[in-house]
1. Restricting the first residue to segment 65-88 and requiring it to be among the small types (Gly, Ala, Ser), which pairs with a second residue that is assigned to a helix (DSSP H, G or I) meet a Cβ separation below 6 Å and a spacing of at least six or different chains?
2. Just checking, how many residues over segment 44-58 are closer than 14 Å to Met157 by Cβ and either open to solvent by 60 Å² or more (accessible area, probe 1.4 Å) or touching a helix residue (DSSP H, G or I) at 6+ places or on another chain (Cβ under 9 Å) (or both)?
3. Among all residue pairs at least 6 apart or on different chains, which show Cβ distances below 6 Å where the first residue, located in segment 106-121, is of a type outside the set (Val, Ile, Thr) and the second is assigned to a helix (DSSP H, G or I) and modelled with pLDDT under 95?
4. Just to be sure before I move on: is Trp155 at pLDDT 95 or above, open to solvent by less than 10 Å² (accessible area, probe 1.4 Å) and not in a helix (DSSP H, G or I) in the structure I sent?
5. Grab the helices (runs of 4 or more DSSP H) fully contained in segment 1-119, keeping just those with 1 or more residues being at pLDDT below 95.
6. Answer with yes or no whether Asp150 is acidic (Asp, Glu), out of contact with any Leu (no Cβ under 8 Å at 6 or more places or on another chain) and open to solvent by 20 Å² or more (accessible area, probe 1.4 Å).
7. Keeping to segment 87-106, report how many residues are open to solvent by less than 60 Å² (accessible area, probe 1.4 Å) and either among the basic types (Lys, Arg) or in contact with a Gly (Cβ under 7 Å, 6 or more places away or on another chain) (or both).
8. Find the residue count for segment 120-152, including only residues that are outside any loop (DSSP other than H, G, I, E, B) and over 24 Å from Lys53 (Cβ atoms).
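The values are calculated or read from the model by the stated rules, or taken from the named source; none is laboratory data. This structure is a prediction, so every number in the text was calculated from the model and none was measured. Here the Cβ positions follow ideal geometry from the backbone for every residue, glycine too, while neighbour counts run over all protein chains shown. Accessible surface is based on the protein model in full, side chains and every heavy atom, while ligands, DNA and RNA are left aside. Shrake-Rupley method; radii C 1.70, N 1.55, O 1.52, S 1.80 Å.
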Amino acid sequence: MRPLSLVSAALAAALALALMPAAAMAAPCREPANAQAMRAEVIALANHQRKTKGLAPLAEDPALSRAAQAHACDNAAVQRMSHQGSDGSSLPKRMSREGYAFREAAENVAAGFFDAPSVMSGWMQSKGHRKNILGRNLRDIGIGVAVGQDGQVYWTMDLGRAD
């Protein structure tokens, strides 16, 4: 290989590494020790809120749970709260990627709340988040929770209707 080709290859590799999403280079996702209990409590609290409004309960959906957990892990890896994935993905793309054929979709994200009651309280105090939780046409739910290197807890609630 000629010296110029080695330089070109090294530059190409450095550029590819620099353009790689931070989440792709991050350590594996770290979940709180009681993550499953936290997810279950958020679902129970969301369904309690729906019940007080005469709405049907949401059913936990495995595909939405995978999409929500992956997004919570992504937000934790890049230490920021966003509806856009570090790879540029949107909620519909993440849902489809996990096999959820949605008709309707909604998402709540949060950071800094250390337990289920506090994150639900925060979401219910926000008009847009409350509207998502109380969506009349939504039927399914998935919850993601992850801890970032910054110690923050990152949450994702994905809601949908598949039929």
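1. Sorted first by the residue in segment 65-88, then by its partner, the pairs are Ala67/Arg94; Ala67/Met95; Ala77/Ala23; Gly85/Asp74; Ser86/Ala22; Ser86/Ala23; Ser86/Asp74; Ser86/Val78.
2. 6
3. The qualifying pairs are Glu107/Leu91.
4. yes
5. Result: 3-19, 22-25, 62-78, 91-97.
6. Answer is yes for this residue.
7. 5
8. 4
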